[in-house]
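*Asks:* To start, I am sharing the structure in question, which I have written as structure tokens.
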Amino acid sequence: MTSRAIDQLETPALLLEQGCMKQNIARMREQLMRLKVGFRPHVKTAKCIEIALAMSGGTPGPITVSTLREADYFADHGFTDILYAVGITPNKMGHVAALLKRDVKLTLILDSLDAAHVLAQAAAALPMPIRALIEIDCDGHRAGILPESPDLLGVAQTLVDGGVVVGGVMTHAGSSYECRSDDALRAMAEQERARTVLAAERLRQAGHAAPVVSVGSTPTALFAQSLNGVTEVRAGVFVFFDLVMAGLGVCSVDDIAISVLTTVIGHQRDHGWTIVDAGWMAMSRDRGTAAQPVDQGFGLVCDVNGNALTDYIVVSANQEHGIVAHRDGATGKALNLPVGSQLRILPNHACATGAQHARYHVVNNSPQITSVWERIGGW
Ligand SMILES: Cc1ncc(COP(=O)(O)O)c(C=O)c1O
């Protein structure tokens, strides 16, 4: 606990509106309950034990991680059912073995025969079983095996022959971030569901139990109308939301729970610029809204209480300098705030901005900091 208020913080500093985060978590949990599907929140956005517990409903439950460092950290805090959702490689098998030996139920993912052979080889040397999901390409976005591909059955058989447990299938509809309408988001959610269920059915017809059908991205999770055949949803960025999600229509700007507190350090009045101490090191270089109808620069500016100044964005960023200006570039519309004034900047991409910071300063609709929560980074 701390008795400080945000005006005493050295900036830039990451703020977390706890009430807002709680609402975002409640919204996702209610949606998944309505769809009668399990929840395996992705904790890579938060990388923080207090937040992972809130996402899990108060006690440790199934989680998804993006690094084995996260797996270590969350296992240290009582999370034992962990999906590591990045394709496995040989140089990580020692780390995987160490996690399995401490009784973490770690599930891996893979999408190639090469990786299946790596797992089979590692399984032979371990006293406990290795469990894996086969990654499915549901949208051409990134990794995965197409559900119709003969490789799907080849990979499953290689795993079984090597003594690896085929847990089922997983996918991530990353293309949902490129959808431009509610209808497109609903269609993408259905595509994610149908393609992954098809892959699971093919595995079952070939004699594999494949009990797990794991899907998830925040937009598809919130726009899905049916998740028949799916057993669990992984979503992460919903916990804070961000400007990319607001641009997609998945949330409103008011739902965004994290912001970077910054201080005015100077002006270039001829240009209509206000210079602040949040550059790309504090915001990240993520320009995810650049491809959206409303480009939010390096972040949308709010007053110190978090009320959006909807026409002001960080138009340009150096390492430790952000340039705040009116979004239409008009020089006569500079924010007239004295040096030392504080502002908040909403992030394009919560995962990327969060990763630039070591801790969250937790606030509750007031300038008072109620807690400071540490977060982890690295691999
Ligand atoms: C494999 C995987 N699963 C789930 C997610 C969660 O997606 P979102 O952050 O949109 O909720 C991600 C995000 O990148 C992911 O890579």
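*Asks:* Suppose we keep only residues that are surrounded by fewer than 16 Cβ atoms within 10 Å (Cβ to Cβ) and part of a helix (DSSP H, G or I) within the range 161-185. Which one would you say is farthest from the ligand (Cβ to nearest atom)?
*Replies:* Asp161
*Asks:* Something else: With the requirement that a residue be part of a loop (DSSP other than H, G, I, E, B) and farther than 18 Å from Asp76 by Cβ, what does the range 42-51 give you? If you could, list the steps in order and put the result at the bottom.
*Replies:* Initially, the range 42-51 is screened for residues part of a loop (DSSP other than H, G, I, E, B), giving 43-48.
Answer for the range 42-51, where residues must be part of a loop (DSSP other than H, G, I, E, B) and farther than 18 Å from Asp76 by Cβ: just Thr45.
*Asks:* Something else: Kindly indicate the residue of the range 18-59 that is among the polar types (S, T, N, Q) and touching a helix residue (DSSP H, G or I) at 6+ places or on another chain (Cβ under 9 Å) and also surrounded by the most Cβ atoms within 10 Å (Cβ to Cβ) among those meeting that condition.
*Replies:* Filtering the range 18-59 down to residues among the polar types (S, T, N, Q) leaves 18, 23-24, 31, 45, 56, 59.
Remaining after also requiring touching a helix residue (DSSP H, G or I) at 6+ places or on another chain (Cβ under 9 Å): 18, 23-24, 31, 45, 59.
On the way: Gln18: 19, Gln23: 15, Asn24: 24, Gln31: 19, Thr45: 26, Thr59: 8.
Per the criteria, the residue is Thr45.
*Asks:* In the range 22-36, what residues are assigned to a helix (DSSP H, G or I), in contact (Cβ under 8 Å) with a residue 40 or more places away in the chain and either of a type in the set (D, E, K, R) or not assigned by TED's automatic domain parsing to the domain that holds Glu232 (or both)? Lay out the reasoning, then the answer.
*Replies:* As a first pass, look at the range 22-36 and keep what is assigned to a helix (DSSP H, G or I): 22-34.
After this cut, where a residue has to be in contact (Cβ under 8 Å) with a residue 40 or more places away in the chain as well, the list is 23-25, 27-28, 31-32.
Within the range 22-36, just Arg27 meets the criteria.
*Asks:* Next question, about the same structure. Given the conditions (1) more than 16 Å from the ligand (Cβ to nearest atom); (2) farther than 20 Å from Ala209 by Cβ; (3) touching a residue at least 24 places away in the same chain (Cβ under 8 Å), which single one is not true for Lys105?
*Replies:* So the condition that Lys105 fails would be (2).
*Asks:* Against the conditions (1) farther than 21 Å from Tyr177 by Cβ; (2) within 16 Å of the ligand (Cβ to nearest atom); (3) outside the structural domain of Gly61 (by TED's automatic domain parsing); (4) not small (Gly, Ala, Ser), where does Thr289 fall short? Just the number, please.
*Replies:* Result: Thr289 passes all but (1).
*Asks:* May I pose another question? So which residues in the range 49-66 are touching a residue at least 60 places away in the same chain (Cβ under 8 Å) and within 15 Å of the ligand (Cβ to nearest atom), if there are any at all?
*Replies:* Scanning the range 49-66 gives Ile51, Met55, Pro62, Thr64.
*Asks:* Name the single residue that is farthest from the ligand (Cβ to nearest atom) among those in the range 226-263 being assigned to a helix (DSSP H, G or I) and more than 16 Å from Arg29 (Cβ to Cβ).
*Replies:* The first filter runs over the range 226-263 and keeps only residues assigned to a helix (DSSP H, G or I), leaving 237-239, 243-248, 253-255.
After this cut, where a residue has to be more than 16 Å from Arg29 (Cβ to Cβ) as well, the list is 243-248, 253-254.
Numbers: Leu243: 14, Val244: 9, Met245: 8, Ala246: 13, Gly247: 13, Leu248: 10, Val253: 18, Asp254: 19 Å.
This residue is Asp254.
*Asks:* Please work out which one of (1) surrounded by 15 or more Cβ atoms within 10 Å (Cβ to Cβ); (2) in contact (Cβ under 8 Å) with a residue 60 or more places away in the chain is the condition Asp270 fails and give its number.
*Replies:* So the condition that Asp270 fails would be (1).
*Asks:* If you go through the range 192-205 one residue at a time, do you hit one that is part of a helix (DSSP H, G or I), at negative phi and acidic (Asp, Glu)?
*Replies:* Of the range 192-205, the ones part of a helix (DSSP H, G or I) are 192-205.
From the residues that got through so far, the ones that are at negative phi too are 192-205.
Remaining after also requiring acidic (Asp, Glu): 192, 201.
Yes.
Here is a yes/no grid of residues against (1) more than 21 Å from Thr64 (Cα to Cα); (2) at pLDDT below 95; (3) surrounded by 24 or more Cβ atoms within 10 Å (Cβ to Cβ):
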| site | (1), (2), (3) |
| --- | --- |
| His208 | yes, no, no |
| Ala224 | no, no, yes |
| Val233 | no, no, yes |
| Asp242 | no, no, yes |
| Gly247 | yes, no, no |
| Ser259 | yes, no, yes |
| Thr262 | yes, no, yes |
| Thr274 | yes, no, yes |
| Gly279 | yes, no, no |
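The values are calculated or read from the model by the stated rules, or taken from the named source; none is laboratory data. Here the structure is a predicted model, which is why all the values come from computation and not from measurement. For neighbour counting, all protein chains shown are included, and Cβ atoms are generated from backbone atoms with ideal geometry for every residue, glycine included.
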